[in-house]
Amino acid sequence: MKYFTLISSSFAKIIVILLYSILFSASAHTHGEFLHCLSSHVSNSNSTHEPIFYTPNESSYSTVLNSSIQNDRFSSPLTPKPFIIITPFHVSHVQATVYCAKKQGVQIRTRSGGHDYEGLSYVSYFNDPKFVVIDLRNLSSVSIDVESKSAWVQAGATIGELYYAIGKKSEILGFPSGDSHTVGVGGLFGGGGYGYLARKYGLSADNILDAKIVDAEGRILDKKSMGEDLFWAIRGGGPASFGIVVAWKVQLVPVPKKVAVFDVLRNLENDTTKKLFHRWQRRAYKVNEDLTVYMTFKTAVSSTIDHNGKNVTKIVLQADIRGTFNGGVDKLLGLMEKEFPELGLQRQECLEMKWVESFLFFNFFRSGESLDVLLSKKSNTDLLSFKVKSDFVKEPIPNYVFEKMLEMLYEEDVGKALIFVFPLGGKMSEISESAIPFPHRAGNIYAFQYLLSWEKEEEEEKHVNWVRGLYDYLTPYVSNNPRATYFNFKDLDLGTNNLHKGGHTSIKQASIWGTKYFKNNFYRLVQVKTKVDPTNFFTYEQSIPPLR
């Protein structure tokens, strides 16, 4: 079933607005009862007199709703909106929301950083407007214990806030996670959490020691009280199917006082640069686990001066090659010359810095900014609409497939279509695929991510179809049975639960998308769901369904 933001005709949009208005009006009584329930359990202000919940009648509602939207596709007037946003300052506010939502039959969406690729942390596409958003922005404290090499981080904190806190406490401790500083830890840790330290220490979810979750009964559970099965499920299986994680305890890992980084551009007009990718496919997952090299392919405008002195521009293919090494530049250069001589990496293209400073570098803060910029929850890139699809790769793709894949980039606006490749191997291959729900371990050599962004709303269907076309083209050359993808790269094209009000989703139906994310771990997730939330209170478009 196509959801609202993909409806393209004007007539269909009018029908959607009318239907949504009717449904919203019919639910007004429920909204009022929910608000009354919430008000009786929570005063709508904290000690600083900031509101705890916002309704559409308040001028600040739109500001709060839009503040964490990272994909402009889901900020249009047609996107279904929550009838209330709760911004808890205490875990008891989360408990009260769960209690009232369950009492009134209201759905909950939980938002940490708002980076969910399909907007599911703040949007509901079920044929029912009765949903609320719990925005965890105010539950964002981070407590570092250097002696035990651990940290408690609340689910509303961002990766940047966690890195900042670690960096302020220690120069030789780090944490394996993503590189975008505005991503919230609530969803990232719950879905996996891949980054530059994954090849050495695994995912964020592989390094979770404890958690605190509010379950469907409104209870606050930790690792001991929730039990082994639920603790297993929320580390990579998506906590939103089982409850609301409000805090994670993580294991910090050792890092050197200095790491070496680089970010270089190479044109793909010559065979040497193309040979780099062919070698990268075969070596990036095998190299020293202290080295991680990412590649991004895109189009760019190149300017040259011809023999008449005129400026001539043309569109070229480029590779953006990023790398980080847990050590100094001298060792990095020796390793790169041995493993990837085609890159021709030069000393002047490399920098040494503290581990935490590398996240300033990879977020394009390269003008001497202080670590304080990691505390910002605003991305320093322009907000655009985008669509993402992804794959895991088990065998190097043929040269002609690589060439065709690059040619397809010319079909889109310059610089808007990006193909990312992330190496696996190292620690990622050493951990059992059933250790946590994330199963994409040994046998996978790298991952693809295909991302396309655009500005004009009316061109959405065209651009989304391009991404789907690229995905279809690569079908024979990526993982199969099932064709796998990473849960944190959510993709509703893979399938959804029954979107009709009161509809039941069978395990067979959900397995169509569920096994793509989790392989056989999906069925254990179903068992856990059946045990801890048999009435399916925590439900969304790709939530784990319980057995009937």
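The values are calculated or read from the model by the stated rules, or taken from the named source; none is laboratory data. This is a predicted model, so every value here is computed, not measured. A quick note on method: Cβ atoms are made from the backbone with ideal geometry, for glycine too, and the neighbour counts reach across all protein chains shown. Calculation scope for accessible area: heavy atoms of the full protein, side chains included, ligands and nucleic acids excluded. Shrake-Rupley method; radii C 1.70, N 1.55, O 1.52, S 1.80 Å.
For the residues VAL316, VAL301, VAL312, VAL293, the requirement of being buried (at least 21 other Cβ atoms within 10 Å of the Cβ) and among the hydrophobic types (A, V, I, L, M, F, W, C) singles out VAL293.
Assess whether SER453 counts as being among the small types (Gly, Ala, Ser), under 20 Å from the mean Cα position of the chain (by Cα) and farther than 14 Å from ARG282 by Cα. Spelling it out, SER453 is indeed among the small types (Gly, Ala, Ser), under 20 Å from the mean Cα position of the chain (by Cα) and farther than 14 Å from ARG282 by Cα. Just wondering, is there one or more residues in region 97-119 that are closer than 30 Å to GLY503 by Cα, in contact with a His (Cβ under 8 Å, 6 or more places away or on another chain) and not polar (S, T, N, Q)? Within region 97-119, one or more residues are closer than 30 Å to GLY503 by Cα, in contact with a His (Cβ under 8 Å, 6 or more places away or on another chain) and not polar (S, T, N, Q). Do we find that VAL123 is touching a helix residue (DSSP H, G or I) at 6+ places or on another chain (Cβ under 7 Å) and part of a strand (DSSP E or B) in this structure? No, not satisfied. Please go through (1) open to solvent by 20 Å² or more (accessible area, probe 1.4 Å); (2) under 30 Å from ASP128 (Cβ atoms); (3) at pLDDT 95 or above; (4) assigned to a helix (DSSP H, G or I) for VAL526 and return the number of the only condition it doesn't satisfy. That leaves (1) as the condition not met. Filtering region 467-500 to residues that are part of a loop (DSSP other than H, G, I, E, B), open to solvent by 60 Å² or more (accessible area, probe 1.4 Å) and over 22 Å from GLN107 (Cβ atoms) leaves ASN480, ASN481. Pairing residues of region 453-466 that are closer than 14 Å to LEU383 by Cβ with residues that are of a type outside the set (D, E, K, R) and open to solvent by less than 20 Å² (accessible area, probe 1.4 Å), at Cβ distances under 6 Å and at least 6 apart in sequence or on separate chains, gives TRP454/SER385; TRP454/HIS463.
Scanning for something open to solvent by less than 70 Å² (accessible area, probe 1.4 Å), of a type in the set (Ser, Thr, Tyr) and at pLDDT below 95, does region 349-368 turn up at least one residue? Within region 349-368 (the criterion being open to solvent by less than 70 Å² (accessible area, probe 1.4 Å), of a type in the set (Ser, Thr, Tyr) and at pLDDT below 95), the answer is no, since none of the residues qualifies. Is it the case that some residue within region 183-190 is out of contact with any strand residue (DSSP E or B) (no Cβ under 7 Å at 6 or more places or on another chain), surrounded by fewer than 24 Cβ atoms within 10 Å (Cβ to Cβ) and of a type in the set (Gly, Ala, Ser)? Within region 183-190, not a single residue is out of contact with any strand residue (DSSP E or B) (no Cβ under 7 Å at 6 or more places or on another chain), surrounded by fewer than 24 Cβ atoms within 10 Å (Cβ to Cβ) and of a type in the set (Gly, Ala, Ser). Scanning region 41-81 for residues that are part of a loop (DSSP other than H, G, I, E, B) and over 22 Å from GLU118 (Cα atoms) yields a total of 17. For region 307-322, the criterion of being within 13 Å of GLU339 (Cβ to Cβ) and either aliphatic (A, V, I, L, M) or part of a strand (DSSP E or B) (or both) is met by at least one residue. Taking region 160-187 as the range and being closer than 19 Å to ILE436 by Cβ and either assigned to a helix (DSSP H, G or I) or in contact with a Pro (Cβ under 7 Å, 6 or more places away or on another chain) (or both) as the test, the residues that pass are VAL185, GLY186, GLY187. Which condition number does LYS275 fail, the rest of (1) part of a loop (DSSP other than H, G, I, E, B); (2) open to solvent by 30 Å² or more (accessible area, probe 1.4 Å) being met? Among (1) part of a loop (DSSP other than H, G, I, E, B); (2) open to solvent by 30 Å² or more (accessible area, probe 1.4 Å), LYS275 violates only (1).
For the criterion of being open to solvent by less than 30 Å² (accessible area, probe 1.4 Å), farther than 19 Å from PHE242 by Cβ, of a type in the set (Gly, Ala, Ser) and part of a loop (DSSP other than H, G, I, E, B), SER543 fails.
None of PHE11, PHE4 is modelled with pLDDT under 90, open to solvent by 70 Å² or more (accessible area, probe 1.4 Å) and among the hydrophobic types (A, V, I, L, M, F, W, C) except PHE11.
Results for (1) under 30 Å from PHE522 (Cβ atoms); (2) out of contact with any strand residue (DSSP E or B) (no Cβ under 7 Å at 6 or more places or on another chain); (3) at pLDDT below 95, shown as yes or no for each residue.
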position	(1), (2), (3)
LEU203	yes, yes, no
LEU209	yes, no, no
SER241	yes, yes, no
VAL261	no, no, no
ASP290	no, no, no
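If the condition is being closer than 18 Å to MET295 by Cα, open to solvent by 30 Å² or more (accessible area, probe 1.4 Å) and part of a helix (DSSP H, G or I), then region 339-348 contributes PRO341, GLU342. Looking only at residues that are in contact (Cβ under 8 Å) with a residue 60 or more places away in the chain and surrounded by fewer than 19 Cβ atoms within 10 Å (Cβ to Cβ) in region 319-328, which one is nearest to LEU265 (Cα to Cα)? If we take residues in region 319-328 being in contact (Cβ under 8 Å) with a residue 60 or more places away in the chain and surrounded by fewer than 19 Cβ atoms within 10 Å (Cβ to Cβ), then ARG322 is nearest to LEU265 (Cα to Cα). Exactly one residue among PHE364, PHE386, PHE402 is among the aromatic types (Phe, Trp, Tyr) and part of a strand (DSSP E or B), and that residue is PHE386. For region 42-77, filtered to residues that are among the small types (Gly, Ala, Ser) and open to solvent by less than 60 Å² (accessible area, probe 1.4 Å), the residue that is farthest from the chain's Cα centre (by Cα) is SER45. Annotation: of all residues in region 90-111 being open to solvent by 20 Å² or more (accessible area, probe 1.4 Å) and in a loop (DSSP other than H, G, I, E, B), the one that is nearest to SER379 (Cα to Cα) is HIS90.
Condition check ((1) aliphatic (A, V, I, L, M); (2) touching a helix residue (DSSP H, G or I) at 6+ places or on another chain (Cβ under 9 Å)) across all residues:
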{"residue": "ALA417", "(1), (2)": "yes, yes"}
{"residue": "PRO437", "(1), (2)": "no, yes"}
{"residue": "GLY443", "(1), (2)": "no, yes"}
{"residue": "LEU451", "(1), (2)": "yes, yes"}
{"residue": "GLU455", "(1), (2)": "no, yes"}
{"residue": "GLU458", "(1), (2)": "no, no"}
{"residue": "VAL464", "(1), (2)": "yes, yes"}
{"residue": "ASP472", "(1), (2)": "no, no"}
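Given the conditions (1) within 17 Å of ARG235 (Cβ to Cβ); (2) out of contact with any Ser or Thr (no Cβ under 7 Å at 6 or more places or on another chain); (3) assigned to a strand (DSSP E or B), report the number of the one that GLY190 does not fulfil. GLY190 satisfies all of (1) within 17 Å of ARG235 (Cβ to Cβ); (2) out of contact with any Ser or Thr (no Cβ under 7 Å at 6 or more places or on another chain); (3) assigned to a strand (DSSP E or B) except (3).
Is it the case that some residue within region 256-271 is within 18 Å of the chain's Cα centre (by Cα), in a strand (DSSP E or B) and in contact (Cβ under 8 Å) with a residue 24 or more places away in the chain? Checked against the condition, which is being within 18 Å of the chain's Cα centre (by Cα), in a strand (DSSP E or B) and in contact (Cβ under 8 Å) with a residue 24 or more places away in the chain, region 256-271 yields no hits at all. In region 193-217, of all residues being in a strand (DSSP E or B) and open to solvent by less than 20 Å² (accessible area, probe 1.4 Å), the one that is nearest to ARG283 (Cα to Cα) corresponds to ILE208.
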